[in-house]
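The values are calculated or read from the model by the stated rules, or taken from the named source; none is laboratory data. All values derive from a computational prediction rather than experimental measurement. Here the Cβ positions follow ideal geometry from the backbone for every residue, glycine too, while neighbour counts run over all protein chains shown.
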Amino acid sequence: MRKKDRQVTDPVKIDEIIEKCECCRIALIDGDKPYIVPLNFAYVHEGDKQFFYFHGAKVGRKITLINKNKYAGFELDTDGMFKPSENPCNHSFKYKSVIGTGEISLITDIDEKIKIFNLMMKRYSGKSDWEFNERIVDATAVIKLEVEELSCKQNN
């Protein structure tokens, strides 16, 4: 990272920034071009492991690309705000961001999918004891991204 003064290394602070983000963008490889998708997510940090979970249709470009390549990039950001200056060369932007890479896979176990759906629902609704129709759960793709590299920075 070029601007070390903006780097965030405290795992608790990084988790706080991630929890504040509204969506996570995953970058997949489509031949020789990137393909980026913004997604709702759940985040789990257990010991030294970090996971992002997503959901979506079982068919489509995203699923096809996940099945072709088990690696993905990701990006989250929050608190973006333009910081004006009298000098046009000193304008800046306030932000907190997290980027990284990891191994991406599909989860097929119904019980695990329901657990992840509840994590997502708790994140966005505050409630975590939802009941799900297993037919609908089975018809929905659940994606797991295990973080391998992560960096976080902020500009206040």
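Structure notes:
- Residues in the stretch 6-52 that are among the β-branched types (Val, Ile, Thr) and either part of a helix (DSSP H, G or I) or within 18 Å of residue 73 (Cβ to Cβ) (or both): 12, 14, 17, 18, 26, 29, 36, 37.
- Index of the failed condition, residue 152 passing every other in (1) outside any strand (DSSP E or B); (2) modelled with pLDDT of 95 or more; (3) touching a helix residue (DSSP H, G or I) at 6+ places or on another chain (Cβ under 9 Å): (1)
- Scope the stretch 91-133; condition farther than 30 Å from residue 155 by Cα and aromatic (Phe, Trp, Tyr); matching residues: 117, 130, 132
- Only residues that are in a helix (DSSP H, G or I), among the aliphatic types (A, V, I, L, M) and surrounded by 20 or more Cβ atoms within 10 Å (Cβ to Cβ) were counted in the stretch 96-119, giving 1.
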